[in-house]
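Please read the structure below before turning to the comments.
The values are calculated or read from the model by the stated rules, or taken from the named source; none is laboratory data. Computed from a prediction, not measured in an experiment: that's the story for all the values here. So basically every Cβ, Gly included, is an ideal-geometry build from the backbone, and we count neighbours across all protein chains shown. Note: accessible area is taken over every heavy atom of the protein model, side chains too, but ligands, DNA and RNA are not part of it. Shrake-Rupley method; radii C 1.70, N 1.55, O 1.52, S 1.80 Å.
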Amino acid sequence: MMHPGHLERDDAAVGNASYLNQWSEIESVTGDIMALSRRADLKLKVEARLQQLLDRSIELQWSQSGLSPRFSPLKGGGPYPANVEASGILQLVALLAAIHNDEIGALLIDEPEISLHPQHQAFLLEEMATVAGDPAEPNKKLIIIATHAPGLLSLRAADDLPGLVFFNDIASPPKQVEAGEALLRNKKVAATVARLGATHRMAMFAQRVLLVEGPSDEIVAAELARSLGTPLMARNVQILPVGGKGQFPEVAKLFTLMGKTVAVLADLDALADDNTLVNFFSNLPSAETVAGKAGHGSVAKLDRDLRTDLVAFMGKHKDAVDEAAAAYPAWFKDAAEETGKKRLTLARVLTSPKSFGGAAAAPAEALSLRYQALLGILGELGCYILRAGAIENYFVTPQADQSKLDAATLEAASFSQSDKATLKAGFQDVDAALTFISPTRAVDENLLLRPKLAAVLGAVFQSMTVTSPDAELLAVARGHLGQDAVVFGIANRSTETLRKVEVSMASPLFDQPTFPFVIGEDENLNEKVRTVLPARA
């Protein structure tokens, strides 16, 4: 008799070969795993995501007991059976298989968040979004989920509300907002709905945290990340408003103690008013090295010198400073006159030093170059400053009659009408902070396909003759690579004196504009493979 703590380490088997063609009738992990064994292209589609997200590969082997899934870690260690893998990972594999299976036209999922880390829930939502749509369209399917997880609600704007059905209690019928509801056009409703997505407690689960001053910064940064294709939650990143510049150092210290990577996106007054924020980053272990690479001995000393020189510049060019400050939109309230003037002067120095004109222009440009060097060093350390002042100074369509939150929400809502290049240029400082805090590259299927293609071509060229039939080439490919080889189509295109093959992409799941292509035995195999399957990350 097995004791209660026993863990079965023999390969667990799922399904049975006699039910292989009935996989769609098995509404469980088993059915989806069996579908993977039928489709090498679907298996590779899922495996590419496992490798990127979890550093794992999956193997599927049939035995007398059934289908045995096994996992292999990419960073060391041998393969192990599925029964010792985390249940959430097994569920993720099954869900990804169902999501990307183009034989499925409609997918109903009950509580996909079960056993999944918040990061993996967000990744799953992104994967569903890529295929959700009208089943009449190629590679699209209807997806309906029942969930208790706020992170799995695709709710960014009021127009998303009709896509949700609300089950409030067992005694009441479910509710759904009509798509034509006039209330959805109300600006205040739009602003309220957009703010519902802020889940600040998720920062405790995150690996990387971007601290911003307030909710306006959070709204704009989050929507900018989505519009630019910079995934945050799926990359284990959270944006957290701290309530003011004075909170940055202590909150950053707290999250650093938790072992998290921390970055800061601050208004310009955090640089103009005092050296508190700069001093925090100058005390980081890597600060001296980063400053040294830029030709400076100390971040704090560079900041101190610039602070002195900025005051001297303002005193020497008082008229030009007053004129420039008067023309620059203020982003602060209740600041002392000299404090406000210093902030506006620095904003002008950083964004348009030539606008001072006259004798002040050249000194302003020189001062600007030195400040840009300081900001470059701070950026490498994770500190980003809004050079123009505050987030409102970046808005394309300022909303003078709106509150700060509503103005930020309306500005963020307009991002869908702008192209990526325009957004990156207009919100350069925010984009830089997002890039720092979310550096993980996107899924690149070509990195997985490259060795498969190279293995197939190598085996084919070693065994073929100029007269080998196509069926023989395909058999060689399968014999060397197994079922994965069916992703590629191989045809003999040899001449009388030179062996050549044409390679096509046999699977509809991989969009490869470089296929089909022809390669001869006289070409560099490695170079050709990298050319037809270029890195996309």
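At a glance:
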item	result
Filter result for the condition that a residue is out of contact with any Lys or Arg (no Cβ under 7 Å at 6 or more places or on another chain), crowded, with 20+ Cβ neighbours inside 10 Å, more than 17 Å from Ala390 (Cα to Cα) and modelled with pLDDT of 95 or more, over Val220, Val264, Val278	Val278
Failed criterion for Glu126 (all others in (1) part of a loop (DSSP other than H, G, I, E, B); (2) under 19 Å from Phe510 (Cβ atoms) hold)	(1)
Residue pairs meeting the criteria (Cβ under 7 Å; at least 6 apart or on separate chains; first under 19 Å from Thr130 (Cα atoms) and in contact (Cβ under 8 Å) with a residue 60 or more places away in the chain, in segment 213-238; second open to solvent by 30 Å² or more (accessible area, probe 1.4 Å) and assigned to a loop (DSSP other than H, G, I, E, B))	Arg235/Thr440
Check on Ala194, touching a Lys or Arg at 6+ places or on another chain (Cβ under 8 Å), modelled with pLDDT under 85 and in a helix (DSSP H, G or I)	yes
Selected residue (criterion: modelled with the lowest pLDDT) from residues of segment 494-509 that are open to solvent by less than 30 Å² (accessible area, probe 1.4 Å) and in contact with a Phe, Trp or Tyr (Cβ under 9 Å, 6 or more places away or on another chain)	Ser507
Qualifying positions in segment 25-48 - open to solvent by 20 Å² or more (accessible area, probe 1.4 Å) and either closer than 17 Å to Glu126 by Cα or not acidic (Asp, Glu) (or both)	Ile26, Ser28, Val29, Thr30, Ser37, Arg38, Arg39, Lys43, Lys45
Unmet criterion (only one of (1) under 26 Å from Thr230 (Cβ atoms); (2) surrounded by 15 or more Cβ atoms within 10 Å (Cβ to Cβ); (3) modelled with pLDDT of 85 or more) for Val177	(1)
Pick from segment 145-174, criterion assigned to a strand (DSSP E or B) and out of contact with any helix residue (DSSP H, G or I) (no Cβ under 9 Å at 6 or more places or on another chain), ranking: least open to solvent (accessible area, probe 1.4 Å)	Ala146
Residues located in segment 118-131, provided they are of a type outside the set (Ser, Thr, Tyr) and open to solvent by 50 Å² or more (accessible area, probe 1.4 Å)	Glu126, Ala129
Qualifying residues in segment 510-527 (those that are aliphatic (A, V, I, L, M) and open to solvent by 40 Å² or more (accessible area, probe 1.4 Å)) - the one nearest to the chain's Cα centre (by Cα)	Leu525
Output for segment 100-116, where each listed residue is exposed (fewer than 15 other Cβ atoms within 10 Å of the Cβ) and either in contact with a Cys (Cβ under 7 Å, 6 or more places away or on another chain) or in a loop (DSSP other than H, G, I, E, B) (or both)	Glu103, Gly105, Glu111, Ile114, Ser115
Close pairs from segment 346-365: first without any contact (Cβ under 8 Å) to a residue 60 or more places away in the chain, partner among the hydroxyl-bearing types (Ser, Thr, Tyr), Cβ under 7 Å, at least 6 apart	Arg348/Tyr328; Arg348/Ser355; Val349/Ser368; Val349/Tyr371; Pro353/Ser368
Flag if Ala491 is more than 33 Å from the chain's Cα centre (by Cα), modelled with pLDDT of 95 or more and either surrounded by fewer than 16 Cβ atoms within 10 Å (Cβ to Cβ) or aliphatic (A, V, I, L, M) (or both)	yes
Yes/no for Arg530 being touching a residue at least 12 places away in the same chain (Cβ under 8 Å), open to solvent by 80 Å² or more (accessible area, probe 1.4 Å) and in a loop (DSSP other than H, G, I, E, B)	no
Candidates Tyr384, Tyr371, filtered to the one that is touching an Asp or Glu at 6+ places or on another chain (Cβ under 8 Å) and of a type outside the set (Val, Ile, Thr)	Tyr384
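Here's the yes/no breakdown for (1) farther than 16 Å from Tyr328 by Cβ; (2) modelled with pLDDT of 95 or more; (3) hydroxyl-bearing (Ser, Thr, Tyr):
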position	(1), (2), (3)
Lys354	no, no, no
Gly357	no, no, no
Leu374	yes, yes, no
Glu380	yes, yes, no
Arg387	no, yes, no
Asn393	no, no, no
Gln402	yes, no, no
Asp406	yes, no, no
Thr409	yes, no, yes
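Every residue, every condition in (1) under 35 Å from the mean Cα position of the chain (by Cα); (2) farther than 30 Å from Ala412 by Cα, yes or no:
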{"site": "Thr422", "(1), (2)": "yes, no"}
{"site": "Asp431", "(1), (2)": "yes, no"}
{"site": "Leu434", "(1), (2)": "yes, no"}
{"site": "Leu449", "(1), (2)": "yes, yes"}
{"site": "Leu457", "(1), (2)": "yes, yes"}
{"site": "Gln462", "(1), (2)": "no, yes"}
{"site": "Glu472", "(1), (2)": "no, yes"}
{"site": "Gly479", "(1), (2)": "no, yes"}
